[in-house]
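Step one of this worksheet: look at the structure below.
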Amino acid sequence: MNLTDPRNARLGYPRSFLLMRMVIGLIGFLLPFGLMLGDWWIVAGDVPRSSLSAYYHTGVRDLFVGSLVAIGIFLVTYRFFELIVDNVLSAVAGLAALGVALLPTDSRLPDTPLQARLGEDLIGNVHIGCAVVFVSSLAVMSWLFATDRPGEDPDPRPPWAKPAHRLAAVAIVAAVLYMVADWKWRFDPHAVYWGETAATVAFGVSWLVKADETY
């Protein structure tokens, strides 16, 4: 592309925007597997851990925190000045992702300075609350991605995009129900990990699909 041509230079902005969607989608899609494989490579310990949040207390903490902070900042700033429902949900999900990243889950290890200051139970409860808000918002956002907006280009995306977004939303809801069922009946010690993995991968797929759309 000839960037000296003003018309081509302007194309760089939407392309950069779509690239950001793709990068966030890739982070969400790859994060669970990166955490598990990185942890296995470093310590060859329990694979997988009990949840994605449990990796905060392992050697791949930086990958966990850095990835969620990147996702959180992107979601908060994504089309920030457009006051529509899915963008408000995006900001809420982004703030919740930052809470999940920066407020550690409970563990059997010594408290972090933040846990020591405010109490492990309080921090753990806020962490769980942020995780619930984050995952719930992602499900609603993916469903709304499949909804046409009034006044938009009637054909801004490939025909498979809407079903892909709806399938992602259903997968996230199914993952949440699986974790809730395990909380009640305790049938899988890794249920939270697999549920969070399914939800995060579905989120990544939805955003990768969004990267191929023009709005």
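The values are calculated or read from the model by the stated rules, or taken from the named source; none is laboratory data. The shown structure was predicted, so the numbers you read here are calculated from the model rather than taken from an experiment. FYI the Cβ positions are ideal-geometry reconstructions off the backbone, even for glycines, and counts take in every protein chain you see. To get the accessible areas, we keep the full protein, side chains included, count just its heavy atoms, and leave off ligands, DNA and RNA. Shrake-Rupley method; radii C 1.70, N 1.55, O 1.52, S 1.80 Å.
Which of rounded, prolate or oblate describes the stretch 87-215 when judged by the alpha-carbon gyration tensor and an a/c cut-off of 1.5? Please report the intermediate quantities before stating the final value.
On the way: a/c = 3.17, a/b = 1.85, b/c = 1.71.
Here the stretch 87-215 falls in the prolate category.
Gaussian network model of the chain, Cα springs within a sub-10 Å range: biggest mean-square fluctuation belongs to which of V132, V23, V43?
V43
With a 1.4 Å probe and every protein chain kept in, tell me what percent of the accessible surface of the stretch 72-115 is carbon plus sulfur.
Details: 1770 of 2370 Å².
With neighbouring chains kept in place, the figure for the stretch 72-115 is 75 percent.
Pick from L83, L30, L19 the residue whose mean-square fluctuation is largest in a GNM of the chain, springs joining Cα atoms under 10 Å.
L83
Each label point is 7 Å from the Cα along the Cα-to-Cβ direction; what then is the distance between the points at L114 and L19, in nm?
Distance between the two pseudo-spin positions: 3.1 nm.
For the stretch 78-170, what does the accessible surface come to per residue with a 1.4 Å probe? Please give it in Å². Don't jump to the answer; show the numbers that get you there.
Details: 5260 Å² over 93 residues.
Per-residue accessible area for the stretch 78-170 comes out at 57 Å².
Where does helix 191-210 land angle-wise versus the long Cα axis of the chain, in degrees 0 to 90, nearest 10?
So the inclination is approximately 10 degrees.
Could you give the angle, 0 to 90 degrees to the nearest 10, between helix 161-185's Cα long axis and the longest principal axis of the Cα atoms of the chain?
Tilt of helix 161-185: around 10 degrees.
Only one of the values (1) 35; (2) 50; (3) 31 was calculated from this structure for percent of Cα pairs over 27 Å apart; name its label.
Given (1) 35; (2) 50; (3) 31, the structure-derived one carries the label (1).
May I ask you to list the trypsin sites (Lys or Arg not before Pro) in the stretch 63-153 that are in a DSSP loop and have at most 10 other Cβ atoms within 10 Å of their Cβ? Please list the in-between numbers first.
Working: sites: R79, R108, R117; in loops: R79, R108.
Sites meeting the loop and neighbour criteria: R108.
Length gain on complete extension for the stretch L30 to F187, per 0.36 nm per residue less the alpha carbon to alpha carbon distance? Can you show the working numbers first?
Working: separation 157, 0.36 × 157 = 56.52 nm, distance 2.63 nm.
So the extension gain works out to 53.9 nm.
I want to verify a result. In a Gaussian network model of the chain, Cα cutoff 10 Å, which of these has the top mean-square fluctuation: D62, D86, D148?
Per the Cα network of the chain with a 10 Å cutoff, D148 tops the list.
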